[in-house]
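Participant: Before I ask anything, let me first share the structure, which is written out below as structure tokens.
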Amino acid sequence: TRYLPSGYTFRGANLYDIPSIVLLLNQREMKNTNSASFQVEDFRREWQAPRFNPAMDIRLVFDPREVLVGYIEVWVAGSHPWLWGCVHPDFEGHGIGSALLRWGEARVCLELENMPVALHAAPRFSTLPVQRAHELCEHLGWHYVKSSAHLLQEAKKVTGALHLPENTNLQYDVYEKELSQLN
């Protein structure tokens, strides 16, 4: 939380947070594409996946009025740990994305401690294509990975993190960070 502006709070999620999260993600998407693809029911279904605990695997950031302004989740399954998140478009550049991404890195490190070294793989972070997110990722040592249908399908399969119907063609960027560069 040391990266958050004064008065902002940081906590895990629960099922009651889903409508606020969907609103945040749809606001972010509307800023990019003028459409809103995220649905409450998709989140409810995906959060019931085995080995996923919203209180431990998600972090939410609230402004001083207790409005949700940032979101990240971490999935450690499959070949790579995956992170998915965003910041409300009106709150970019205030340290919220940095706090969330740094928390996500620490969460990945914690999970990797419980896995055999042979299974360790570089984490990947995906987000809606936003220039500020790209700048933040580069600043924190994440490298853009050229998207392919296979990579985007892997993200959807491993995480379910985009919470979208299969027929949605929402674009998102993917970044990767070397294990040696994690906190």
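The values are calculated or read from the model by the stated rules, or taken from the named source; none is laboratory data. None of the values given here were measured: they were computed from a predicted structure. Each accessible area value is taken on the protein alone, full model and side chains, heavy atoms only, with ligands, DNA and RNA left out. Shrake-Rupley method; radii C 1.70, N 1.55, O 1.52, S 1.80 Å.
Participant: When only Cα pairs under 8 Å and 6 or more residues apart are kept, what is the percent relative contact order across region 35-128?
Facilitator: On the way: 103 pairs, mean separation 23.5, N = 94.
After rounding, I find 25 percent.
Participant: Let me ask something else. Over region 41-94, with the other protein chains present, what is the accessible area per residue in square angstrom, probe 1.4 angstrom? Walk me through the numbers before you get to the answer.
Facilitator: Numbers: 2400 Å² over 54 residues.
Result: 44 Å² of accessible area for each residue.
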